[in-house]
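Encoded as structure tokens, the structure appears first; notes follow it.
The values are calculated or read from the model by the stated rules, or taken from the named source; none is laboratory data. Worth saying up front: this structure is predicted, and the values here are computed from it rather than measured. Note: ideal-geometry Cβ built from the backbone for every residue, glycine included; neighbour counts use all protein chains shown.
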Amino acid sequence: MSAPKTIPKDAQVMIQILKDMGITEYEPRVINQMLEFTYRYVTTIIEDAKIYATHAKKSNVDADDIKLAIQCRMDQSFTSPPPRDFLLEVARQKNQTPLPLIKPYTGPRLPPDRYCLTAPNYRLKSIQKKVSSSAGRISVPRLSVGAVSSRPSTPTLGTPSVQSVTTKVGTPVSLTGQRFTVQIPPLTINVFTFATPSTPAVSNVLINPSLIGSKNILITTNMVSQNTGGESLKRKHEDDDDYDAL
Amino acid sequence: FRAVPDDGGLVDADEDKDIKTEASNDSWGNNNANDGRLLSPSPGSSASAGSNKSAAGASEEQQTLLAVLQFLRKNKLTESVEILRREAGLPEDSLEPKGADSLLSRVTASSTAGAQAPTKVAAGEDQPDVNVVLSAYSQQGDPALYEVYYSGLKRFIESVLDCHRAELSQVFYPLFVHMYLELVYNNHESEAKAFFEKFSGDQECYYEDDLRVLSSLTKKEHMRGNETLLDFRTSKFVLRISRDSYQLLKRHLQERQNNQIWNIIQEHLYIDIFDGMPRSKSQIDAMSGSLAGEAKREANKAKVYYGLLKEPEIELPLDDEDEEAENEEGKPKKKKPKKDSLGSKSKKQDPNAPSQNRIPLPELKDSDKLDKIMYMKEATKRIRLGPDNLPSICFYSFLNAYQGLTAVDFTDDSSLIAGGFADSTVRVWSVTPKKLRKVKSAADLNLIDKESDDVLERIMDEKTASESKILCGHSGPVYGISFSPDRNYLLSSSEDGTVRLWSLQTFTCLVGYKGHNYPVWDTQFSPHGYYFVSGGHDRVARLWATDHYQPLRMFSGHLADVTCTRFHPNSNYVATGSSDRTIRLWDVLNGNCVRIFTGHKGPIHALAFSPNGKFLASGATDGRVLLWDIGHGLMVGELKGHTDTIYSLRFSRDGEILASGSMDNTVRLWDATKAFDDLETDDFTAATGHIHLQDNSQELLLGTYMTKSTPVIHLHFTRRNLLLAAGAYNP
């Protein structure tokens, strides 16, 4: 396929702009990027202006509508950092407070849990879907402090055999607690011996065998390592993919 | 503060209230000059063309009259007040001036004391409004005459004696920019363009980039989003001129027809006068280049504790004690306390060192102590470098990065290397044969024997062992990376405005620190851990602690983005390099700026403190490495040689060699001991800050090492003084 003999006028304008701004080295795709941006920006502004014009019950879009559209877009997308005097003022206030003393021997120094990303970011749905791997691991819900417990299950696991097992048991009771709670139906013991197709995702799931047999169990484990279980799933996958890619 | 932005309205050129030199009310006049601009005297014309304010022409007139009214009232000219009010037909309460920025109006409203004006908002800007109008009057020369003023000044300066000419020529650039910006701000587009074309070619070559940006600004609206330029307009450009030259200039400008320029100079320039010989062109060139002129002398006078903190006493294992004692401060247990040390460090408190508890620092944990012992053992095996004993360089090339490698860091013991990429991932590799492992899950941790000796090995999950790990979480290119000194954490800062803390034991993200809402260009952990600093596009650098979700300190003062942030070895100071071509040194204790270093001609991308804490090296896009004495606040050396941006600088472990890596695909080694050697501290004319830089870059250059089309973006000296370098192969 042959390249067009003449560059379209818009592209020529872009080339001229780059030249005027003193940019001499650029990839050819930059022109396309600029054209796309220009097109998108202008159409957005004009569309907004049309909306404002109809809102003001005008039949034609006029300069004021455009100005308003530009102004609104600027405030929304193209914000600029705060002005200097504001920053100086905020800085002055912040710098007045003395540096807080450091408490000794506190383990990993992290902000309160609310501001960390260490809480589990998923909730397990129902207990019927529970499956264990031959390693004897089972997924249990890990709950954050103060959260309502949910019924344990894992979305990745679900074999009919397990379903049938657990239905014999009856629906497990969903327990609420203030501490970390896990619920495992007592019959889980049998489930362990099942040879279930374990995907890599399952094998890393947390289990605490000592929980068997009780309905309301406390897991007082470190938040960080708790999270490992959930996220390591994903991470393991990525590592595998990584190896394949290499 | 800025006043509420509002155009001051019209005036006739011959109003009798003008020509009130607002030199004394500089701060007000300066800031309000931005917004309280008057238009060119055109009798009867309505609101300024293209004004963004919603106020119609009539209300702007009213504003002017109101301002006059307030002024009269303030001066207790009650009769005049009455007459004016009657004649102008002003109602008791005036219109609310519309402020574009409610934030600013809030600030100004709170700052002014109770005013006696009838309206609330107008009361807030009582003071500034008057000054706005009046200063605007005094400012407003005829725009067409700006060219005449400038040419007149040019002719005068060209006619003075040689020795003064160099100094007075410093005035050209700031004057040019300010006059141009005023023309643009007042919507005199054609005059602005003509002015620019005529005089932009005369400016110094190192201002070329700024001038290019200026050439694209032709309307007032263009200026609005450009915070850097707005800051430039409101801040004073600092010039350091000798008293004799200053007298010359003053005398000339105070002549009758040069009043306008004199006003403009007084408004926008701060002339720091010193007694002494006028400086030569080369001296001036060395120090100038920043967006805000040079640094005032007082800015660099604060005392800086640049010494190092005393190393803590560690119970050394008995067999190694004799070896270690040499390198350790503090008193070894078995030896008698000595007054003068075995090494060069003194046992007494270094007067230039901060006290141990000046800022709170975390105490050493057992693992930290073990680390320090390892450090000392390695230090004994360290190679002593020198001009005749250059380090070997081991280069780590990132292949297939497709120009996406944006940040690299090594751990202090060189066991891990981390890379930040434009695809928003962070990858960690193990440099040693030891693989990266994650900590076992909670259930497994319960099963291991906690009393065993190798418990630290047992907690690791062998199944997760791999050469590298990928950390995903950011939503934009990762521009800054930093390992913590204890190798437990990794920080990464990105274009998405957050700084993330990752655990290197679970390889998951622990915290996202949100504060900058704009790209964060650099971040670094403090040498003692716990604190870290980040700097970004919002022109501030912030100091955080890992256990606070908000910053502890905000270092605000730069006029443009903060591109590089580094801690001083004693963790009490932070150096920030910025796009406004200055380097500032901030005190962690109270957030004050204690040093301002100007001289670079381009944005600064690399900073390095010398291991003894006394000196700072900086590299920028102009390809020069500048050396600064922190205690005196002066430039002490200039290393020319690189031809492209310098992205990395590092001193060797004992400070003898300075290595610099740049975009021109080379690593250069410089003799740091020699560069700092010739400094006689008494020799400094610290009063005037004159520097006599020798042009000895060639002698100081010890070696240039080319890479194969790989820009060098990180340098690291191992504990034994082997130089490691990293960059992405870019064919």
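Looking only at residues in segment B:532-566 that are surrounded by 24 or more Cβ atoms within 10 Å (Cβ to Cβ), among the small types (Gly, Ala, Ser) and within 13 Å of chain A (Cβ to nearest Cβ), the one that is farthest from B:Pro519 (Cα to Cα) is B:Gly557.
For segment B:350-460, the strands (runs of 3 or more DSSP E) that sit wholly inside it and include 2 or more residues that are under 23 Å from B:Asn488 (Cβ atoms) are B:405-410, B:416-421, B:425-430, B:436-439.
Of the residues making up segment B:219-237, just one is away from chain A (no Cβ under 13 Å) and over 16 Å from the mean Cα position of the chain (by Cα), namely B:Lys220.
Of all the listed residues (A:Ser59, A:Ser80), the sole one being within 13 Å of chain B (Cβ to nearest Cβ) and more than 30 Å from B:Arg358 (Cβ to Cβ) is A:Ser80. Applying the set (1) modelled with pLDDT of 85 or more; (2) over 23 Å from B:Arg243 (Cα atoms) to B:Pro118 leaves exactly one unmet item: (1). Which members of segment A:83-122 meet the condition of being hydroxyl-bearing (Ser, Thr, Tyr), modelled with pLDDT of 85 or more and within 32 Å of the chain's Cα centre (by Cα)? A:Tyr115, A:Thr118, A:Tyr122, listed by residue number.
Filtered by the rule that a residue be assigned to a loop (DSSP other than H, G, I, E, B), farther than 20 Å from B:Leu559 by Cβ and hydrophobic (A, V, I, L, M, F, W, C), segment B:247-302 gives B:Met277, B:Ala302. Please work out which residue is farthest from B:Leu627 (Cα to Cα), limiting yourself to segment B:567-601 and to residues that are assigned to a loop (DSSP other than H, G, I, E, B) and more than 14 Å from chain A (Cβ to nearest Cβ). My answer is B:Asn570. Looking across segment B:472-499, the residues that are facing chain A (nearest Cβ under 9 Å) and more than 15 Å from A:Pro108 (Cα to Cα) come down to B:Cys472, B:Gly473. Go through segment A:104-120 and give me each residue that's within 17 Å of B:Arg500 (Cα to Cα), more than 8 Å from chain B (Cβ to nearest Cβ) and in a loop (DSSP other than H, G, I, E, B). Scanning segment A:104-120 gives a single hit, A:Ala119. If you filter segment A:1-29 down to residues that are part of a helix (DSSP H, G or I) and more than 14 Å from every other protein chain (Cβ to nearest Cβ), you find that the one that is nearest to A:Ser77 (Cα to Cα) is A:Met14.
B:Gly515 passes every criterion in (1) closer than 25 Å to A:Asp85 by Cβ; (2) buried (at least 24 other Cβ atoms within 10 Å of the Cβ) apart from (2). Of note, B:Val426 satisfies the criterion of being touching a residue at least 24 places away in the same chain (Cβ under 8 Å) and of a type in the set (A, V, I, L, M). Candidates B:Gly619, B:Gly631, B:Gly637: the one that is more than 12 Å from the chain's Cα centre (by Cα) and outside any strand (DSSP E or B) is B:Gly631.
Yes or no, residue by residue, for (1) at pLDDT 85 or above; (2) surrounded by 12 or more Cβ atoms within 10 Å (Cβ to Cβ); (3) touching a His at 6+ places or on another chain (Cβ under 8 Å):
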| site | (1), (2), (3) |
| --- | --- |
| B:Asp320 | no, yes, no |
| B:Glu326 | no, yes, no |
| B:Lys334 | no, no, no |
| B:Ala353 | yes, yes, no |
| B:Lys365 | yes, yes, no |
| B:Leu385 | yes, yes, no |
| B:Leu390 | yes, yes, no |
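Scanning segment A:83-103 for residues that are touching a helix residue (DSSP H, G or I) at 6+ places or on another chain (Cβ under 8 Å) and either on the phi > 0 side of the Ramachandran plot or outside any helix (DSSP H, G or I) (or both) yields a single hit, A:Pro83. Applying the set (1) more than 9 Å from chain A (Cβ to nearest Cβ); (2) in a loop (DSSP other than H, G, I, E, B); (3) surrounded by 21 or more Cβ atoms within 10 Å (Cβ to Cβ) to B:Trp521 leaves exactly one unmet item: (2). Hey, does segment B:177-189 have a residue that's surrounded by 21 or more Cβ atoms within 10 Å (Cβ to Cβ) and among the β-branched types (Val, Ile, Thr)? Yes - at least one qualifying residue is present in segment B:177-189. The selection criterion, being under 29 Å from B:Asp561 (Cα atoms) and either in contact with a Phe, Trp or Tyr (Cβ under 9 Å, 6 or more places away or on another chain) or touching a residue at least 24 places away in the same chain (Cβ under 8 Å) (or both), holds for A:Leu35.
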